Amino acid sequence: MDHHEEESGAGAESHGKQDDEEAVARLEEIKKSIESKMALRQSNLNPERPDSGFLRTLDSSIKRNTAVIKKLKQINEEQREGLMDDLRGVNLSKFVSEAVTAICDAKLRSSDIQAAVQICSLLHQRYKDFSPTLVQGLLKVFFPGKSGDDPDADRNLRAMKKRSTLKLLLELYFVGVIEDGGIFVNIIKDLTSGEHLKDRDTTQTNLTLLASFARQGRMFLGLQLSGPEIHEEFFKGLNITADQKKFFKKAFQTYYETVAELLQSEHTSLRQMEHENSRILNAKGELSDDSASSYEKLRKSYDHLYRNVSSLAEALDMQPPVMPEDGHTTRVTSGEDASSPAAGKDSSVLEAIWDDEDTRAFYECLPDLRAFVPAVLLGEAEHKVNEQSAKTQEQPTESAPESDQSQQAIEDAGESSADVGALQEGKIIEKGKDKEEKDKEKIKDADKEKGDRKGENEKEKLKSIEGTNLDALLQRLPGCVSRDLIDQLTVEFCYLNSKANRKKLVRAVFNVPRTSLELLPYYSRMVATLSTCMKDVSSMLLAMLEEEFNFLINKKDQMNIETKIRNIRFIGELCKFRIAPAGLVFSCLKACLDDFSHHNIDVACNLLETSGRFLYRSPETTVRMANMLEILMRLKNVKNLDPRHSTLVENAYYLCKPPERSARVAKVRPPLHQYIRKLLFSDLDKSTLEHVLRQLRKLPWGECEPYLLKCFMKVHKGKYGQIHLIASLTAGLSRYHDEFAVSVVDEVLEEIRLGLELNEYGMQQRRIAHMRFLGELYNYEHVDSSVIFETLYLILIFGHGTTEQDVLDPPEDCFRMRMIITLLETCGHYFDRGSSKRKLDRFLMHFQRYILSKGVLPLDVEFDLQDLFAELRPNMTRYSSLEEVNAALVELEEHERTVSTDKANNEKHSDTEKPSRRTTSNKMSVNGQSVVNGTDDNGVVHEDHGDSDSDSGSGTVDPDRHEEELDEENRDDGSESEEEDDDGGGPASDEDDEVHVRQKVAEVDPQEEADFELDLKAVMQESMEQRRQELRGRPTLNMMIPMNVFEGSIKDHHGRVGGDSGDEGDEESGGSKEVQVKVLVKRGNKQQTKQMYIPRDCSLIQSTKQKEAAELEEKQDIKRLVLEYNDREEEELNGLGTQTLNYTQSGGNRFAGRGSTWEGTSGRGGGPRRYHSSYSGAGVYYSRRK
């Protein structure tokens, strides 16, 4: 059979054209065979019997006739020609009954039927009384009589005799030896009798006989014939009446329905026995020998009956019966894996067998090989032969079912050889042909033998090719680490299917490397898939695994632990695929528990980790598994196990049987709180931002503010990519509720500090989200850059130098780096100029020292750091050792100290300079101070109070404040300030250069120029505020301006300008080219004023005039905006519609919002930050920096 499978598989792949040619030749041979049968039928219906005179000329001796009659008892295809020659040479007129008896006693095989037909035809054509005597003799096989003995030992032989006799009767009827078809009526009536259903063995035999009759005599049942048209012509000549066809059809139909009901009852009995065995197994752990043997007997009987009924249904062109819930009845198991109805009732209490849908699909949803592979390649017929050969060696009580199976196999073989007989029939010609044609036939036979030799050579070549393909397939086996790959390999193996190849595959699967445990689930899936069509694969593998386990467990040495673990995990995986019976797993576990020490502990724990959870959750094994687990824990408590084994046992126990936990009680929230959570965590996105803000504003604020703050702080529970939307909502709500934005910032900073104090692993996602939130709050201008840098330094140094340093920031912990990276990636790109740039440069050097203190970093952190430096400071030097970075920090501190000293010396030197040089040194003072500011320790621009005074006699103005005034003047004057800065004696900062470039570009668009000037003023204003805060603790010079100074002067005194300590006057009488200015100086303890004349075209005078005009315009803007704000508030309170207010910045570059004026500049050196306010209805949102 393997040979046939290999030949068919090879033909399917490489001999398509040959198959077509062979099919055509086969049809021709069948046609010739039928023509030969038709000719033989005509000869038998109209026999030309020789007269008595001719018969007397033949040999009539008893010796000769007895020898020929003995040969009739051994009819076969090889002796057919010689036997027919002997029959032609003897006279059997007086020995016809003896000849008939010999033919009836002959043990005919399916391949010998055609030879017997030829011999019977010869005797029928020669002797008139042969046919009636033959019919009576053959019918005695089916009707032996009441007195006939029928011992159990002869049942198998009688079943085979009935099968061959029935086929012989049909063939004799086809060729006309038997003319009356009524003899089959009695035979079928007896076979379909209900009395035989009581005897199960007789029923099995009758089913095979009826299936054979239905296949061979389809015309009796009125079934459709398939084949050439000559078939129809041949069968139309048979004398089968309509009544006979009706009888046969009704008899078969009724009998099929009866045996289908019998099969159903057999199935029900088998299921009940399985459930009973399952209950006994759960209670006792093992079955008695009587129960196991009775179950096996019943299961085999059911299998035989099911196959025979299916065969009959196929012969009748009907669908085979489908048994309800037939999940395991035909599987070779002990019955304990069949789920019982009683267990099914409690399944709702038990947990699901599989943890998720993917796991369930992996272990239960196996590919159907019949859908991918032709049935001939699956070798199912071969399995039937194997089962038949195995059954012949079993107990005598099972001989009848075994005979049925052997008959089924013989029938298939007979049908496949019928065509060979047809070919030989086509070569037999009528009587009148002589030796010439026989010689031709011999020549043809010789040619066929040569062709067969060639075919055998080709098959040997195909075998070698197939072996090469199998080796390549087995080499790919260890690489199949996914479900799709192993399924594809399984299908490919089916095209190489043979018994030898299956053995090689099982050996390869069994020899999986002992360290490649990850392959076991995929190998088990392959075996489970193949076992649906090739039962011997799973049985061979299980036998090998069980044998290896017994060998290893009995060896009792402490070696080969990896082999033991591989073996037991393989058995566990096969159990999850329901290939290995649960009884095998429990027996292995019991063997380990009986000697619970050393390697047996590891083996038992690995078995429980693999399939313990599956068996505990399966309804039919949960009780027994629970008992085993209790025994395991008792052994652990009794024995003094080492910590490793104790941990292994506990892990295995709780993996199978997790500790019971109370059901989680869902929080009951008020509807208002649920609505807030829905808005923030479900509805919020870019398109619904304004809608969500409007809905939040409609909430009762006093009631919802605490919960809203709580939800805002749970940004880690929402989507990480939407944190900036929460920051935008914070900015929008701050316009109407200032205290809410302050609370949000305070809570974020507090959460960051709390995370540093606790340093819990479970809070890491939350801490990262809060760092992102803080950066977004800076982007939306709710925190200052100083807060960002304080937080960064806090992350670096918190807990260091204390006893809890190893707990708060362990040496191997890199999470603080992730926090810093997150914060700088969010807002660090704004620190690219001015003081904030210097702050970030200084921090990054300290950050590098912190990084180097951690040693070797994980790859993901290292890559994140590289991306961060590439984005923020691509040209910054990355130090490779702590010594280098410490030296760089020392150098930086020395440079800052030198700059501070130079600044102090410059201030002292400026106090001694003459007043005449005061005006000529303004520009250099400004630019020179820029350098000092660039190296200030904190990167913060200092400013003096407006009422600060200088020493009398010194006309030098404060350089810091003068720098700020000139910067502000430069933004207003345009190109004039740019020329003055370019001509200055000191180097300009990067911030000034970039600002000038932006101003030149913005000259194209007046609106952009106005926005730019507004942002620059905000930067300057923030710097001034920072300096005011720093100088509060520094002693200042309180120089009061005398009242007489104001007499006769312009009523405009600017204490805000750093370089102007006195009053500036403008006398425009007579078109004078100079302007008188009063300068307040101090000598000792006396204050003096001196007059000084400055050219009218000086930038100081021009900027003063522009500031006066700007301040006047600013007052008007403030007044207008306040009035508009009040009108809009009244309209909103009165429920009026939406009013959109679009306004543009005027020449003073002032911005008003929330009823107050925002002016000046910001100290954040991150470039211009645009602050947008959009009024739509009553909603406000703030866009991020651009």
Please find, within the stretch 763-812, the residue that is nearest to LEU824 (Cα to Cα) out of those that are more than 39 Å from the chain's Cα centre (by Cα) and of a type in the set (Gly, Ala, Ser). SER785
Listed residues ARG816, ARG838; which is in a helix (DSSP H, G or I) and under 23 Å from GLU883 (Cβ atoms)? ARG816
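For LEU794, indicate whether it is touching a residue at least 12 places away in the same chain (Cβ under 8 Å) and open to solvent by 40 Å² or more (accessible area, probe 1.4 Å).
Values: touching a residue at least 12 places away in the same chain (Cβ under 8 Å): yes; open to solvent by 40 Å² or more (accessible area, probe 1.4 Å): yes.
Here the answer is yes, as LEU794 does meet what is asked.
LEU608 - would you say it is over 23 Å from ASP642 (Cα atoms), in a helix (DSSP H, G or I), in contact (Cβ under 8 Å) with a residue 24 or more places away in the chain and open to solvent by less than 10 Å² (accessible area, probe 1.4 Å)? It would help to see each step written out before you state the result.
Values: over 23 Å from ASP642 (Cα atoms): no; in a helix (DSSP H, G or I): yes; in contact (Cβ under 8 Å) with a residue 24 or more places away in the chain: yes; open to solvent by less than 10 Å² (accessible area, probe 1.4 Å): yes.
When the stated conditions are applied, LEU608 does not pass them.
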Hey, can you tell me all the residues within the stretch 471-495 that are outside any helix (DSSP H, G or I) and either over 15 Å from SER524 (Cβ atoms) or open to solvent by less than 50 Å² (accessible area, probe 1.4 Å) (or both)? CYS480, SER482, TYR495
May I ask you to list the residues in the stretch 1107-1138 that are modelled with pLDDT of 85 or more and aliphatic (A, V, I, L, M)? ALA1109, ALA1110, LEU1112, ILE1118, LEU1121, VAL1122, LEU1123
Just the residues that are of a type outside the set (Val, Ile, Thr), over 16 Å from SER121 (Cα atoms) and either open to solvent by less than 30 Å² (accessible area, probe 1.4 Å) or part of a helix (DSSP H, G or I) (or both), please, taken from the stretch 64-90. ARG64, ASN65, ALA67, LYS70, LYS71
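Rundown of residues vs (1) open to solvent by less than 10 Å² (accessible area, probe 1.4 Å); (2) over 25 Å from GLN722 (Cα atoms), yes/no style:
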{"site": "TYR830", "(1), (2)": "no, no"}
{"site": "SER836", "(1), (2)": "yes, yes"}
{"site": "ARG842", "(1), (2)": "no, yes"}
{"site": "GLN848", "(1), (2)": "yes, yes"}
{"site": "PRO874", "(1), (2)": "no, yes"}
{"site": "ARG878", "(1), (2)": "no, yes"}
{"site": "GLU883", "(1), (2)": "no, yes"}
{"site": "ALA888", "(1), (2)": "no, yes"}
THR258: open to solvent by 60 Å² or more (accessible area, probe 1.4 Å), assigned to a helix (DSSP H, G or I), under 15 Å from LEU197 (Cβ atoms) and of a type in the set (Ser, Thr, Tyr), yes or no? no
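Those residues that are more than 39 Å from the chain's Cα centre (by Cα) and of a type in the set (Asp, Glu), I need them from the stretch 813-844; list them, please. Let's see the steps before the verdict.
Pass one, the stretch 813-844, residues more than 39 Å from the chain's Cα centre (by Cα): 830-844.
The answer is ASP832, ASP841.
Please pick out the residue among ARG644, ARG669 that is more than 29 Å from the chain's Cα centre (by Cα), surrounded by fewer than 13 Cβ atoms within 10 Å (Cβ to Cβ), assigned to a loop (DSSP other than H, G, I, E, B) and without any contact (Cβ under 8 Å) to a residue 24 or more places away in the chain. Walk me through it before giving the result.
Working: ARG644 fails: assigned to a loop (DSSP other than H, G, I, E, B).
Going through ARG644, ARG669 in turn, just one is more than 29 Å from the chain's Cα centre (by Cα), surrounded by fewer than 13 Cβ atoms within 10 Å (Cβ to Cβ), assigned to a loop (DSSP other than H, G, I, E, B) and without any contact (Cβ under 8 Å) to a residue 24 or more places away in the chain: ARG669.
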Would you mind finding the one in HIS691, HIS645 that is under 25 Å from MET713 (Cβ atoms) and either at pLDDT 90 or above or among the aliphatic types (A, V, I, L, M) (or both)? HIS691
Checking THR802, THR826, THR822 in turn, the sole residue that is out of contact with any strand residue (DSSP E or B) (no Cβ under 9 Å at 6 or more places or on another chain) and part of a loop (DSSP other than H, G, I, E, B) turns out to be THR802
Quick check: is even one residue across the stretch 179-198 touching a helix residue (DSSP H, G or I) at 6+ places or on another chain (Cβ under 7 Å), without any contact (Cβ under 8 Å) to a residue 12 or more places away in the chain and either assigned to a helix (DSSP H, G or I) or among the hydrophobic types (A, V, I, L, M, F, W, C) (or both)? yes
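The values are calculated or read from the model by the stated rules, or taken from the named source; none is laboratory data. Source: prediction; values computed, not measured. Note that we place each Cβ from the backbone using ideal geometry, even for glycine, and neighbour counts take in every protein chain shown. Accessible surface is based on the protein model in full, side chains and every heavy atom, while ligands, DNA and RNA are left aside. Shrake-Rupley method; radii C 1.70, N 1.55, O 1.52, S 1.80 Å.
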